[in-house]
Amino acid sequence: MIPFSPPHIDDLIIEEVSKCLRSGWITTGPRTKLFEKKISEYCGNEATVCVGSATAGLELMLRWYGVGHGDEVILPAYTYCATANVIMHCGAKPVFVDINKHDFNISFENIKDAINYKTKVIMPVDFAGNCCDYDEILDYISKLTTKRKFMPRTEEQAALERILVLADAAHSFGAVYKGRKTGTLADASVFSFHAVKNLTTAEGGAIALNFPEPFENEEIYRQLCISSLHGQNKDALAKLQKGSWKYDVTEAGYKCNMTDIQAAIGLVELSRYDAILKKRKYICERYAAGLSEYDWAELPVLQDKDKDSSSSYHLFPLRIKKVNESKRDAIIQGIFDEDVAVNVHFLPVPMLSFYKTQGYRIMDFPIAYNQYSREISLPVYFDLTDEQIETVIKAVIKVVENSDSY
Ligand SMILES: *Cc1c(COP(=O)(O)O)cnc(C)c1O
């Protein structure tokens, strides 16, 4: 069986993790701090906070901005449940909007229609590694007419004077938009280092800070470190310094710091990330070339048509033309029977039981449903060989051509 997305763990990673384990420091410490610095250098943003997951990072940012009861947060219907769950955790209302037909990303036109005086945050999701149109979104919410609708309730909201753009960049680490890398495109961008993501630390995430004036990103960094560690004003390493045992707790904070063991994996991954991206691009291009001659294959947009943009090639979301959900499911079963693991990204959030009980209905998001019902994600990972790529392409062709739809 060709797996869908196994991690690439080699001797170098095992060696670095062993070094960390033997060093006597395994929780947040020098490796995490170094990893944070290296991420900022790589992306070009001002400061980065590593956390236990992207989910935790997204929630920390919403809490930092004071999002709560009575507030609305705009997000695409087509995302992983994490994007919506953190809004629920804060007691705010997720306002789902439909997506683009071509690239699965949140539709700018729909964002405009969804904004009202309750809107505090927009959470675009860079699906499959293609960046959303951040300039378009930021220009619009920075316009005087949009700013007039913004009703700040907290100090941070009053200082920003507009809707916060919090990017769910779980898929897009390393992607480029108009010559700039993710991490610099929104006020804050949250990456996921979960085992299946492009760059992994087993579990983990990072918040890339890129706030405009009058904010100081270093100051927000310090605040987020504290709120990711119980609101404690010193971390374990700082407390260890001579005579520094005494600490205070300044808020009822969370517990979602990254460990140095995770950072040890991340540092190796980051040091060879260019090679990882190159391989992913190669795989996606091979799939596109192998399937392009088939009428039934709707190939994904790979954001690299112009020289200033590139995808991070997190997924290859193939769509099959003119099938419905059950036919798509049958095709997936057929591909599995050929010993190839595929996946579906995503079940739109309004289709999930919990969100149905909250009153959301998938029929309000026809494009999201249409994309979902025809989507099959093909395996993309570092160790995939040329032979395996061919096996995947052949399996897809064989199963689709033999299915009763064609
Ligand atoms: C994976 C993923 C997340 C959650 O990441 P974790 O690190 O597992 O919390 C959030 N949003 C999207 C779009 C994802 O794919």
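The values are calculated or read from the model by the stated rules, or taken from the named source; none is laboratory data. This structure is a prediction, so every number in the text was calculated from the model and none was measured. Ideal geometry is used to build each Cβ from the backbone, glycine not excepted, and the neighbour counts take in all protein chains shown.
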Next on the checklist: Can you report the number of residues in the stretch 354-406 which are at pLDDT below 95 and either surrounded by 12 or more Cβ atoms within 10 Å (Cβ to Cβ) or within 29 Å of the chain's Cα centre (by Cα) (or both)?
Outcome noted: 3
Item to check | Within the stretch 2-114, strands (runs of 3 or more DSSP E) holding 1 or more residues that are of a type in the set (Lys, Arg) | outcome: 93-97
Checklist entry - Taking Asp383 and the conditions (1) of a type in the set (Asp, Glu); (2) closer than 24 Å to Gly129 by Cα; (3) assigned to a helix (DSSP H, G or I), which numbered condition does it fall short on, given that it satisfies the others? => result (3)
Checklist entry - Among all residue pairs at least 6 apart or on different chains, which show Cβ distances below 9 Å where the first residue, located in the stretch 53-77, is within 15 Å of the ligand (Cβ to nearest atom) and the second is among the aromatic types (Phe, Trp, Tyr) and part of a helix (DSSP H, G or I)? => result Pro76/Phe127; Ala77/Tyr369
Next on the checklist: Can you find a residue that is within 15 Å of the ligand (Cβ to nearest atom), buried (at least 24 other Cβ atoms within 10 Å of the Cβ) and assigned to a loop (DSSP other than H, G, I, E, B) anywhere in the stretch 206-223?
Outcome noted: no
Checklist entry - Quick check: anything in the stretch 83-103 modelled with pLDDT of 95 or more, among the hydroxyl-bearing types (Ser, Thr, Tyr) and surrounded by fewer than 22 Cβ atoms within 10 Å (Cβ to Cβ)? => result no
Checklist outcome for this item: Screening Pro300, Pro317 for residues that are farther than 14 Å from Val400 by Cα, under 19 Å from the mean Cα position of the chain (by Cα) and assigned to a strand (DSSP E or B) leaves only Pro317
Next on the checklist: Under 6 Å between Cβ atoms, which residue pairs at least 6 apart in sequence (or on different chains) link something in the stretch 176-205 that is farther than 18 Å from Lys281 by Cα with a partner that is assigned to a loop (DSSP other than H, G, I, E, B) and away from the ligand (no atom under 16 Å from the Cβ)?
Outcome noted: Lys178/Asp308; Gly183/Asn45; Thr184/Gly44; Thr184/Asn45; Thr184/Asn210; Asp187/Phe211
Checklist entry - Does any residue in the stretch 235-259 that is farther than 26 Å from Ala202 by Cα and not assigned by TED's automatic domain parsing to the domain that holds Cys225 come within less than 8 Å, Cβ to Cβ, of a residue that is hydroxyl-bearing (Ser, Thr, Tyr) and at pLDDT below 85 six or more places away or on a different chain, and which pairs are these? => result none
